[in-house]
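Each remark here refers to the structure printed beneath this line.
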Amino acid sequence: MPYFADYCNQDNLLIDTTRTLEDGSGLSYYWNNTHCSWLIKPRGTSQIKLNFTNFNTEANYDVLSIYDGETDQAPLIGSFSSNQLPNEILSTGNALFLTFNTNDTIQGQGWELYYTSIFVGIEQNNLENQFQLFPNPVNNYLSIISKSPENYTIHIYNVLGEEVYSQTAKNDLQINTASLNNGLYLIEISQQQQKIRKKFIVKH
């Protein structure tokens, strides 16, 4: 028989660069009719990587939602429930907003995750000036203008952190985005051990 745990709180602000986070119930079952939120915004970070270690909630009714920004008005990365671990999540910016909402029946053990911060260095800022992307939003073709004579590598990720495209190129490049679903994407450009990341939107 489930027993009650302390409520998790709303509007928690997390600024640690690396931290473990859970629903608030510890070893107990989480409460019914729970409404919790967390803003993850480490100081000085450029992106946040999030990995789950445990996940057990009532499928479709007790839901953890993750947004790519500072509020629940930011783009929704995903809503998760049941007992399957979500995939690794990579933000496109310096903040993630999480909400956990449960209904009035059936409790579970809840969830646990850890996050780490990704920082942009001075070298990456120098690389920023070497590449331009347009248009944004993009329909069928994303153009990359390179001012560098060196080879570079492209990786494109969706909001779940899944790689959807990769290529090594030199000089300017056009990427066919017709097969990508509408939504927010992160493009990573790497060259000589330096990396930059930019966001773009696909809108057909």
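Of the residues examined, Ile48 is one that is assigned to a strand (DSSP E or B) and either over 16 Å from Asp23 (Cβ atoms) or at pLDDT below 90 (or both). One residue stands out in region 88-106 among those that are surrounded by 22 or more Cβ atoms within 10 Å (Cβ to Cβ) and in a loop (DSSP other than H, G, I, E, B): the one that is nearest to the chain's Cα centre (by Cα), namely Ser91.
Picking from residues in region 51-75 that are free of Cβ contacts under 8 Å to residues at least 40 places away in the same chain and assigned to a strand (DSSP E or B), the one that is farthest from Lys198 (Cα to Cα) is Val63.
Consider region 154-179. How many of its residues are in contact with a Phe, Trp or Tyr (Cβ under 8 Å, 6 or more places away or on another chain), closer than 25 Å to Asn51 by Cα and without any contact (Cβ under 8 Å) to a residue 40 or more places away in the chain? Adding up the residues that qualify gives 6. The requirement of being in the same structural domain as Gln109 (by TED's automatic domain parsing) and surrounded by fewer than 17 Cβ atoms within 10 Å (Cβ to Cβ) is satisfied by Glu70. Can you tell me which residue among Glu128, Glu123 is of a type in the set (Asp, Glu), surrounded by 14 or more Cβ atoms within 10 Å (Cβ to Cβ) and modelled with pLDDT under 90? Every option except Glu128 fails the conditions. Screening region 132-189 for strands (runs of 3 or more DSSP E) wholly inside it with 2 or more residues that are surrounded by 12 or more Cβ atoms within 10 Å (Cβ to Cβ) and of a type in the set (Phe, Trp, Tyr) returns the ranges 152-158.
The values are calculated or read from the model by the stated rules, or taken from the named source; none is laboratory data. Because the structure is predicted, anything quoted here is derived from the model rather than measured. Cβ sites come from the backbone with ideal geometry, for glycine too, and all protein chains shown count toward neighbours.
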